[in-house]
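Step one of this worksheet: look at the structure below.
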Amino acid sequence: MRFLIRALVGLGLLAATSGLLIMAVSTLHSAFEAKRDSGNRPRMARERSFSANVAKVALRDIRPVIETFGEVRSGRTMELRAASSGAIVELSEDFREGGVVDSGELLFRTDPAAARARFRLAEAAVAEANAEFRDAEIALGLAGHDLDAAETQRDLRLSALERQNALNERGVGTESALETARLAATAAEQSVVGKRISLSQASARIERARLGLARQEISLSEARRQLEDTRMTAEFAGVLTGITNVLGELVNANENLGQLIDPTALEVVFRVSSREFERLVTANGGLEAVGIEVLYGPAETGVKTRISRAGASVGEGQTGRELYASLGEAAAAFLRPGDFVTVLIQEPELQDVAVIPATAVSSTNEILALGEGNRLRSLTVAVLRKQRDSFVIDGDGLDGETIVLERVPQLGAGIRIQPRQPDGPEFEEVVVVELSAEERIAMVAAIQANTRMPREVRDRLLAQVREGKVPAQTAERLRGMAARFPGNRGSDQGNPDGRPGRNADPTASGTASDEPATIAISDEERQAMVAFVEGNTRMPDDRKTTILRALAEPKVPRDLVDRLRSRIGG
């Protein structure tokens, strides 16, 4: 009998154990099936759209402007170099950095003692050469007179010889007298030859004296120049720069002591590309007819002028073309050589063109235009000019088109966008509301039970809700989410299967003010509730999944536990 009782008890325990195992396996199977069904449930994919700034294209006539940078230079500059070495013995009061001098004004003088001595020696040498020249002239005159006298005497001797020959022919003369007459005529002829030699020597002397006088005059001129080189005067009225010398300083010959700049002869040199230069040359009126505006300083003071000439060569390591423009006297008030300025060059007028931001054009000269249904389409445009951050494009076929102002990688042909006007309000004032303790608990539970929310969004919302202050729009969405959460419903969640409760109080908040909103339950009770929910065929799948996630938490909302206990117990 005892054996039979023990056998029956053992069979009962075995049957109970088997039943529990079967129930556990069924519960696990139902849980896996529910999870698989919830994961494989098809979701409606919603097309993603992007916000983009758009604007309508308006065609107009414009004059493109070439913007470049240039340097101010002086078209008239004089280097102040010491022509002679020595100490500076005299300085002008205006010989300083930035000093303004007049034309012909003495700037500085070096010690003139040595130059003055050479000048006086040269003067004496010239006087001596003049005396030698006058002496040579007198000697030449005397030599001429002496030659005339010798020739006269020769003629007389020849006449006497002829008479003696005649006497001898008549037989009245003697041989001795004839010989004497011949000797006298020969001596007279020899005297004439000597006088002619003296005359030629006197002529050569006067030539040597003339050459000597010329050399001494050259030496005098050189000495005078050296004396004048001790003085440096201004060739024109201007402004001094690079001045560092003082009175008494020793300077060497050809040493640079500064520069004299004519402020009324300023010009700006700037560079343009070869293509821009070609457009300027082919413009109406030629290169000299192109007007420019030179801007300088923070106030962008402007000077209007015209291009005067182009550079003769490109230059080593340079590109484009170098152009020059005279600034005139008006620019001398605020510009100096070495200033960097902005140069604006007016081009011929372009008609029926559009000016759009450079961010709207791709590297292949394509833009995105708004089509039907706010979908984008790609258009190829002809870029005519680039103006700072804008492009000038040909407006053929673009009048009235709405285009995207900023191209981003996610935008392309066929993409749907949400058009936004760039002149609309960019920022809206964010209103922050403070949540009550009950709202924070309900919202945290609803957020944690949402399985389709990305983790980073869930973490951000949880952090905001736990702080107690969230934006008003976020608070409205969270309140709606908490109202749809089964643990936070009132009248529509009287039963966990979604049916309205018979005795549900529509004004009940679902959480007693003096009791905690969530409670801890035992593992057995949790398993029983999970099995009950999974076995409820009338409950929607999404609501069933939400309740199962709430039961998986360590603490479960009290109102949900109470409703499940009443249903299981009933």
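Using a Cα-Cα cut-off of under 20 Å, which lysines could be cross-linked to K555, ignoring same-chain neighbours fewer than 8 residues away? Qualifying lysines at Cα under 20 Å: K544.
Comparing the range 300-348 with the 2.2 N^0.38 Å rule of thumb, its C-alpha radius of gyration ratio is 1.32 (two decimals). Measuring nothing but alpha carbons in the range 214-298 and taking Rh as the Kirkwood radius, the Rg to Rh ratio lands at 1.24.
Dipole magnitude for the chain: computed about the Cα centre from +1 point charges on Lys and Arg Cβ and -1 point charges on Asp and Glu Cβ, it is near 4280 debye. With the gyration tensor restricted to C-alpha atoms of the range 21-169, the semi-axes of the equivalent ellipsoid amount to 127, 31, 22 Å, longest first. The string of couplings for the range 51-61 from the Karplus curve (6.51, -1.76, 1.60, θ = phi - 60°) is 8, 8, 6, 10, 7, 7, 7, 10, 7, 7, 9 Hz, one whole number per residue in order, with x for Gly and Pro. Once both labels are modelled 7 Å past Cα along the beta-carbon direction, what's the E162-L121 spacing in nm? Each label point is offset 7 Å from its Cα along the Cβ direction, giving 6.3 nm. Rolling a 1.4 Å probe across the protein heavy atoms gives the chain an accessible surface of 62 Å² per residue.
Per the Debye formula with a single identical scatterer at each Cα and no solvent contribution, what log10 I(q)/I(0) holds for the range 104-240 at q = 0.12, 0.14, 0.18, 0.19 Å⁻¹? Scattering profile of the range 104-240, log10 relative to I(0): -0.70, -0.80, -0.96, -1.01.
Projecting the Cα atoms of V193, G238, A177 onto the dipole axis of the range 129-258, where Lys and Arg carry +1 and Asp and Glu carry -1 at the beta carbon, places A177 farthest toward the positive end.
Here the chain has 51 percent of its accessible surface on carbon and sulfur atoms, given a 1.4 Å probe and all protein chains in place. Helix 2-40 and the longest principal axis of the C-alpha atoms of the chain enclose an angle of approximately 40°.
Sequence-distant contacts, meaning Cα pairs under 8 Å at least 6 residues apart, place the relative contact order of the chain at 19 percent. Working note: 222 nm ellipticity from helices only, DSSP H runs with n ≥ 4, each -39,500 (n - 2.57), summed and divided by the residues of the chain, gives -14500 deg cm²/dmol to the nearest 500.
Over all pairs of different C-alpha atoms, the range 347-423 has a mean inverse distance whose reciprocal, the Kirkwood radius, equals 13.0 Å. The angle separating the long axis of helix 455-467 from the principal Cα axis of greatest extent in the chain is about 80 degrees. For the pair D542 and A187, label points projected 7 Å from Cα toward Cβ lie 16.5 nm apart.
Cross-link partners for K386 among the lysines, with Cα-Cα distance under 20 Å and sequence neighbours closer than 8 places in the same chain left out: K56. With the biggest extent put first, the Cα atoms of the range 434-479 measure 25, 17, 16 Å across the principal axes. When both the range 107-126 and the range 130-198 are represented by their alpha-carbon centers, they are found 54 Å apart.
For a test of the definition: using alpha carbon positions, the gyration tensor, and the 1.5 limit on a/c, classify the range 274-429 as rounded, prolate or oblate. Prolate, because a/c is 1.5 or more and a/b exceeds b/c.
Specify the angular offset, from 0 to 90 degrees and rounded to the nearest 10, of the alpha carbon long axis of helix 558-569 from the longest principal axis of the alpha carbons in the chain. Once rounded, one gets 30 degrees.
Sorted into 20 angstrom bins from 0, the C-alpha pair distances of the chain split as 12, 18, 16, 15, 14, 9, 6, 4, 3, 2, 0, 0 percent. Close amide H contacts of L405 (hydrogens built in the peptide plane, cut-off under 5 Å, sequence separation of 5 or more or a different chain): N53, V54, A55. I need the Debye-formula profile for the range 189-230: one equal scatterer per C-alpha, no solvent, reported as log10 I(q)/I(0) at q = 0.24 1/Å, two decimals. Once normalised to I(0) and log-transformed, intensities are -0.76. Taking the range 137-218, how much of its Cα-Cα pair set, in percent, is spaced more than 15 angstrom apart? Of all Cα-Cα pairs in the range 137-218, 65 percent lie more than 15 Å apart.
Of K469, K56, the order by accessible heavy-atom surface (1.4 Å probe, DNA, RNA and ligands excluded), from most exposed downward, is K56, K469.
The values are calculated or read from the model by the stated rules, or taken from the named source; none is laboratory data. Since the model is a prediction, treat every value here as computed from it, not as a measurement. Heads up, the Cβs are rebuilt from the backbone with ideal geometry, glycines too, and the neighbour counts pull from every protein chain shown. To get the accessible areas, we keep the full protein, side chains included, count just its heavy atoms, and leave off ligands, DNA and RNA. Shrake-Rupley method; radii C 1.70, N 1.55, O 1.52, S 1.80 Å.
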